[in-house]
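What follows is one structure encoded as structure tokens, with my remarks underneath.
The values are calculated or read from the model by the stated rules, or taken from the named source; none is laboratory data. Because the structure is a prediction, the values reported are computed rather than measured. A quick note on method: Cβ atoms are made from the backbone with ideal geometry, for glycine too, and the neighbour counts reach across all protein chains shown.
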Amino acid sequence: MIFLGPPGSGKGTQAKLLGARLKIPQLSTGDLLRAAVRDGSDLGREAKKFMDAGKLVPDDLVIQLILGRMQQKDCENGYILDGFPRTRAQAQALEKAFQVKKIKIDAVISFEIDEQELVERLTGRRVCPNGHGEWHIKFHQPANPGFCDVCHAPLVQRADDREESIRVRLAAYRKDTEPLKAFYQDAKLLRPIPADGALAEVTQLIETTVNKLR
Ligand code: AP5
């Protein structure tokens with residue numbers, strides 16, 4: 001399954017919830033890239049420049065990273081791709097890899113939401129500096145506000161959640177990623193869902209969509 005949508009539309013939050021319910025992993029290229037940055041790998045150093053500015057990381061780096069992750073054992077029974085593909089070149093690379101492995105995409109869930117709502121969601125997001133998760137100052141608070149539920153470290157704001165980077169990310173979404181909706185519509189895989197409701201409402205809409213696939 002692919003989760004497609006603009007930054008802040010809730011892809012990551014919902015992919016984690018659905019993945020836990022279906023017992024399949026959520027593969028987020030954003031999380032993989034941030035882990036590479038934390039590890040200080042060559043790929044991480046190269047990616048960081050683009051990520052902090054809100055720009056898309058070059059296709060070859062992202063494709064290499066995600067195709068490698070898909071080879072791992074926990075992916076044998078399926079997975080949710082969160083934030084990949086984001087360009088036509090990525091969609092084509094995925095199609096090619098899936099053809100070779102005879103893997104079928106069940107659905108592309110498209111998160112539909114107004115841009116104004118996204119800015120509030122993104123500027124209010126706070127993340128664990130050790131990669132344990134993310135919360136929101138208003139919509140999704142940790143048990144002890146300001147601190148990670150897992151390791152209790154003080155939460156921080158992502159460098160690309162500042163308003164100037166958010167504008168660049170939204171522009172990149174409109175230019176490079178939104179056209180993928182037509183690509184997957186043509187393949188009869190697109191399942192649009194309204195993503196502007198409360199977290200639990202969006203979860204319910206996704207559950208209903210996924211149940212119809214069975
Ligand atoms: P990535 O981490 O994927 O960021 P993104 O797509 O910009 O997505 P976000 O994580 O910001 O939003 P989301 O839709 O997952 O929403 P979330 O659930 O977190 O990528 C970061 C960067 O990495 C990119 O800018 C790019 O540089 C690079 N990159 C990644 N993939 C790439 C690719 N394929 N190609 C090239 N470059 C790539 O929710 C956001 C906030 O809203 C949270 O605080 C959450 O608690 C809150 N929230 C969620 N749902 C609701 C709700 N229903 N109501 C109220 N609040 C909610």
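Annotations
- Selection status of residue 200, surrounded by fewer than 14 Cβ atoms within 10 Å (Cβ to Cβ) and farther than 17 Å from residue 15 by Cβ: no
- All helices (runs of 4 or more DSSP H) inside region 151-214 with 3 or more residues being modelled with pLDDT under 95 and closer than 22 Å to residue 58 by Cβ: 163-172
- Hits in region 48-60 (condition: surrounded by 19 or more Cβ atoms within 10 Å (Cβ to Cβ) and modelled with pLDDT under 95): 51, 54
- Members of region 29-69 found to be outside any helix (DSSP H, G or I) and either of a type in the set (S, T, N, Q) or without any contact (Cβ under 8 Å) to a residue 60 or more places away in the chain (or both), listed by number: 40, 41, 57, 58
- Residue match in region 57-65 (condition: of a type in the set (Val, Ile, Thr), within 22 Å of residue 163 (Cα to Cα) and within 11 Å of the ligand (Cβ to nearest atom)): yes
- Annotation: residue 149 fulfils all but one of (1) within 13 Å of the ligand (Cβ to nearest atom); (2) closer than 22 Å to residue 91 by Cα; the unmet one is (2).
Condition check ((1) surrounded by 14 or more Cβ atoms within 10 Å (Cβ to Cβ); (2) within 17 Å of the chain's Cα centre (by Cα)) across all residues:
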position: 151; (1), (2): no, no
position: 155; (1), (2): yes, no
position: 161; (1), (2): yes, yes
position: 169; (1), (2): yes, yes
position: 172; (1), (2): yes, yes
position: 183; (1), (2): yes, no
position: 188; (1), (2): no, no
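- Within region 105-122, considering residues that are modelled with pLDDT of 95 or more and either more than 11 Å from the ligand (Cβ to nearest atom) or more than 17 Å from the chain's Cα centre (by Cα) (or both), the one farthest from residue 86 (Cα to Cα): 106
- Candidate set from region 14-31 (those that are under 27 Å from residue 164 (Cβ atoms) and surrounded by fewer than 21 Cβ atoms within 10 Å (Cβ to Cβ)); member that is farthest from the ligand (Cβ to nearest atom): 31
- Screening region 80-125 for residues that are touching a strand residue (DSSP E or B) at 6+ places or on another chain (Cβ under 8 Å) and in a loop (DSSP other than H, G, I, E, B) and picking the one that is surrounded by the fewest Cβ atoms within 10 Å (Cβ to Cβ) gives 105.
- The set of residues in region 151-166 being more than 19 Å from residue 37 (Cα to Cα) and of a type outside the set (A, V, I, L, M, F, W, C) consists of 152, 154, 163, 164.
- Within region 71-88, the residues that satisfy the criterion of being more than 11 Å from the ligand (Cβ to nearest atom) and within 15 Å of the chain's Cα centre (by Cα) are 79, 80.
- Close pairs from region 99-121: first over 14 Å from residue 78 (Cβ atoms), partner part of a loop (DSSP other than H, G, I, E, B) and acidic (Asp, Glu), Cβ under 7 Å, at least 6 apart: 113/196; 114/196; 117/196
- Some residue of region 127-144 being within 9 Å of the ligand (Cβ to nearest atom) and assigned to a helix (DSSP H, G or I): no
- Test: residue in region 6-14 that is under 30 Å from residue 200 (Cα atoms) and over 17 Å from the mean Cα position of the chain (by Cα): no
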